[in-house]
Every structure is written in structure tokens, then in C-alpha cells.
Amino acid sequence: MTAAIIDGKAIAATLRGKVAGEVARLKRDHGVTPGLAVVLVGNDPASEVYVRSKSKAVVEAGMAPCDFKLPATASEQEVLALVARLNADPAVSGILVQLPLPPQIDSQKVIAAIDPMKDVDGFHPVNVGRLSIGLPALAPCTPTGCVMLAKSARSSLAGLEAVVIGRSNIVGKPVAQLLLAENATVTIAHSKTRDLPDLCRRADILIAAIGKPELVRGDWLKPGATVIDVGINRVAGEGGKSKIVGDVAFDEARNVAGAITPVPGGVGPMTIACLLLNTVRAACALNKLQAPSV
Ligand code: GUN
């Protein structure tokens with residue numbers, strides 16, 4: 001079998017187009033311009049790249065960007081004071097504090113200080129709790145993108161066996177909640193799981209989010225499985241150059257899976273598209289307007 005390639009870039013572009021349409025509608029009909037505040041503390045190169053691409057996407061969607069850069073030496077108090085100011089600013093619909101934060105700052109304290117209605121990352125305990133009990137919530141962006149990609153390959157996930165490898169608060173746990181909400185039967189695997197290959201062979205849907213280059217081999221997969229690869233790992237390539245690979249050995253997996261996301265061009269583009277969607281959702285909720293239809 002040769003797997004269908006799930007084109008995250010194309011699916012994200014379609015979603016971004018819909019979000020831009022919603023932004024235009026909000027401006028035209030309600031005089032509301034959604035605004036996303038992105039806070040970067042320090043100068044981690046990967047975070048700088050992410051933050052730049054987020055801000056570019058915000059502008060392309062017709063929203064108002066609002067970027068803050070604090071030095072790596074910023075105190076927790078300074079970050080909390082900025083969050084308080086953004087919570088109170090009516091022009092700001094969404095707040096994203098880029099992680100990781102420098103060690104002197106308690107990330108959980110900062111996340112908990114964000115107004116849950118502006119928590120477009122979906123990391124605030126209120127949104128985590130609402131998601132887990134099935135109430136409307138701002139859900140984390142990468143997990144939302146993963147489920148959208150899985151649903152592009154399988155119209156319904158109901159009754160399917162889903163295995164999530166990884167239990168992070170950013171991807172593993174929330175993607176498991178979203179899959180459960182789609183009525184999948186969900187197992188979360190992690191570093192202490194016994195016989196991971198055997199567990200993976202049960203999966204109709206496999207989500208790999210462990211950050212280990214090409215850990216998942218072709219013979220770990222059930223024939224026809226839908227494979228969503230969240231990994232972004234830089235490894236040595238040919239000629240001394242580095243290259244990016246996922247958590248799944250793509251060339252092996254594509255001969256067994258029914259559908260698979262490439263790296264890059266799979267989950268990555270969906271994260272930003274879902275962030276834009278969350279920002280529009282937050283703007284609607286804050287202004288007591290109907291949620292977008294996407
Ligand atoms: N760092 C890596 N991924 C994320 C994310 O989704 N949100 C934030 N705020 N920081 C991150």
C-alpha cells in the first residue's frame with residue numbers, strides 16, 4: 001500500500017482563507033478587528049522563528065498584530081504585569097506567551113494569569129478543564145490541527161482505536177481529549193509504556209508527539225492506519241547539511257499506512273491556522289458575537 005499524503009499546507013491555507021473571511025465580516029458588520037498579542041521573552045532562536053511566522057500570519061489574515069519582546073533577564077513580575085495590561089486591553093482578543101520561558105519565570109503562573117477568554121493557546125487550567133468535561137473551550141492549536149488532519153483522511157473517528165505517543169500538556173494530553181470528544185477509543189503512550197510497537201499496531205489513528213527522530217518504524221503500523229506526525233527534529237543529513245525529520249520513519253511508514261502527514265508540510269502549518277481561528281473565536285466571544293462557522 002502507498003499512503004495518501006495528507007497535505008497540511010493546503011488544508012491550512014484553506015482554513016486561513018476562511019479565517020480571513022471571518023475577520024473581514026467582523027470588521028465590516030461589527031467594527032471589530034481581532035488582535036493577537038504575542039509575547040516573547042529572551043532570544044531563543046527557534047522561538048524567534050515561530051513568533052515571526054505567527055505575526056506574519058496574523059497580518060495576512062487581516063488581524064491586528066501586537067508583539068512584545070522582553071529581555072531574557074525579565075522578571076516574573078514584569079511578565080505578569082504585561083499580561084495584566086493585555087488582559088485589560090479591549091483591542092487584544094488573544095494573548096500568546098511563547099514557551100519555553102527563561103528559568104526565573106514560572107510558566108504555570110504566567111499561563112494562569114492570562115484571561116481564559118483570551119487564552120488562544122488553550123493552556124489555562126480553565127480551558128484545560130472545560131475541554132476535559134466537554135464544555136466549549138479554546139483548545140490548544142497543534143492538537144486541534146492534528147484532529148482536523150485525521151478527519152480529512154477519515155470523515156468519522158467514532159469507534160476507531162487512537163494511540164497518542166507523548167503526554168505533554170501542549171500536544172499529547174489535549175489531543176487525547178479532542179480524540180475522545182470525537183468518540184475515538186484513546187490510549188496515551190509514553191516513555192514508560194511497555195511494548196510500544198505492539199501497542200501502535202492496534203492504532204487506526206496514530207499521533208506521534210514524542211520528539212524522537214523517526215522512532216516509529218513502518219512495522220509498528222497497522223496496514224491502512226492514519227498517521228499524524230507532530231515531530232520536528234533536526235538531524236544530520238547528507239553532505240554535512242542538517243534536515244528536518246518527524247517522529248515517524250516516513251519512507252517506511254508510507255508503504256504501510258493508509259494516510260500520513262509529511263514533515264515538514266503536515267501538522268506545522270495547521271498550528272498557526274488554528275491559532276488564527278482561536279483568535280477569531282476569542283474576539284467573537286469577547287464581543288458577544290456568534291462564533292465563526294469554521
Ligand atoms: N512553544 C512551542 N509550542 C508552543 C505553543 O503552541 N504555544 C506557545 N505559547 N509556546 C509554544
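The values are calculated or read from the model by the stated rules, or taken from the named source; none is laboratory data. None of these values were measured; they are calculated from a predicted model. We place every Cβ from the backbone using ideal geometry, glycine too, and count neighbours over all the protein chains shown. Protein only, heavy atoms only, side chains kept; ligands, DNA and RNA dropped before computing areas. Shrake-Rupley method; radii C 1.70, N 1.55, O 1.52, S 1.80 Å.
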Quiz item: Could you give the nm distance between label points at residue 109 and residue 290, where each point is 7 Å from its Cα heading toward the beta carbon?
Solution: 4.4 nm
Exercise. Give the accessible surface of the chain per residue, rounded to a whole number of Å², with probe radius 1.4 Å and ligands, DNA and RNA excluded.
Key: 46 Å²
Quiz item: So how tilted is helix 141-153 from the main axis of the chain? Cα-based, degrees 0 to 90, rounded to 10.
Solution: 50 degrees
Quiz item: Under a Cβ-Cβ limit of 4.7 Å, which cysteines in the chain have nobody to pair with?
Solution: 66, 146, 200, 284
Practice problem: Could you grab the relative contact order for the range 87-232? Cα pairs under 8 Å, six or more apart, rounded to a whole percent. | Solution: 18 percent
Quiz prompt | Cα shape, the range 98-247, gyration tensor, a/c 1.5 rule | solution = oblate
Quiz item: Residues with amide H under 5 Å of residue 64's amide H, sequence separation 5 or more or different chain, H placed in the peptide plane at 1.01 Å from N; which?
Solution: 35, 36
Quiz item: By how many nm would the segment from residue 217 to residue 48 grow when fully extended, if each residue of separation counts as 0.36 nm and the alpha-carbon distance is taken off?
Solution: 57.6 nm
Quiz prompt | Dimensions in Å of the range 199-294 - Rg and Dmax from alpha carbons | solution = 17.2, 56
Quiz prompt | Dipole magnitude of the chain, debye to nearest 20 (Cβ charges: Lys/Arg +1, Asp/Glu -1, about Cα centre) | solution = 400 debye
Practice problem: Report ³J(HN,Hα) in whole Hz for each residue of the range 123-137, in order, from the Karplus equation J = 6.51 cos²θ - 1.76 cosθ + 1.60 where θ = phi - 60°; Gly and Pro get x. | Solution: 9, 5, x, 5, 6, 4, x, 4, 4, 6, 9, x, 8, x, 8
Quiz item: If you plug each phi of the range 250-266 into the Karplus form 6.51 cos²θ - 1.76 cosθ + 1.60 with θ = phi - 60°, what whole-Hz ³J(HN,Hα) values come out, in order, with x for Gly and Pro?
Solution: 4, 5, 6, 5, 5, 7, 10, 5, x, 8, 8, 8, x, 10, x, x, x
Quiz item: Classify the range 81-168: rounded, prolate or oblate, from the alpha-carbon gyration tensor (a ≥ b ≥ c, eigenvalue square roots; a/c under 1.5 rounded; otherwise prolate if a/b is larger than b/c)?
Solution: prolate
Practice problem: Using only the alpha carbon atoms of the chain, find the Kirkwood hydrodynamic radius as the inverse mean reciprocal pair distance, in angstroms to one decimal. | Solution: 19.7 Å
Exercise. Could you sort out which of 192/241; 54/241; 118/288; 56/288; 109/243 sit more than 25 Å apart by Cα distance in this structure?
Key: 192/241; 54/241; 56/288; 109/243
Quiz prompt | Stretch in the chain that is longest and holds no trypsin sites (Lys or Arg not before Pro) that DSSP places in a loop and that have at most 14 other beta carbons within 10 Å | solution = 1-191
Quiz item: What is the set of long-range amide H partners of residue 216 at a cut-off below 5 Å, with H atoms built 1.01 Å from backbone N?
Solution: 248, 249
Quiz item: Which value in nm describes the separation of the simple spin-label points at residue 154 and residue 14, placed 7 Å from the Cα toward the beta carbon?
Solution: 1.9 nm
Self-check item: the chain: calculated mean residue ellipticity at 222 nm from DSSP helix runs of at least 4, using -39500 (n - 2.57)
Solution: -12500 deg cm²/dmol
Exercise. Would you kindly derive the ³J(HN,Hα) couplings of the range 270-287 from the backbone phi angles with the Karplus curve 6.51 cos²θ - 1.76 cosθ + 1.60 (θ = phi - 60°), listing them in order in whole Hz, with x for Gly and Pro?
Key: 5, 4, 5, 4, 6, 5, 5, 4, 4, 5, 5, 4, 5, 4, 5, 5, 5, 9
Quiz item: How big, on average over all directions, is the shadow cast by the Cα convex hull of the range 57-103, in nm²?
Solution: 3.7 nm²
Quiz item: What residues from the range 160-178 fall in the zone where the backbone N is under 19 Å from a label point 7 Å along the Cα-to-C-beta line of residue 132?
Solution: 164-178
Quiz prompt | Carbon plus sulfur fraction of accessible area for the chain, probe 1.4 Å, in percent | solution = 56 percent
Quiz item: Across 5 Å bins from the origin, how do the percents of Cα pairs in the range 169-253 run, short distances first?
Solution: 3, 14, 23, 25, 18, 9, 5, 2, 1, 0
Exercise. Hey, can you grab everything whose amide H is under 5 Å from the amide H of residue 189? Only 5+ residues off in sequence or another chain; H modelled, so Pro and N-termini drop out.
Key: 164, 165, 166
Practice problem: Pull up the cross-link candidates among the lysines for residue 151, meaning alpha carbon to alpha carbon under 24 Å and not fewer than 8 places away within one chain. | Solution: 9, 18, 173, 222
Quiz item: What residues from the range 157-183 fall in the zone where the backbone N is under 14 Å from a label point 7 Å along the Cα-to-C-beta line of residue 191?
Solution: 166-169
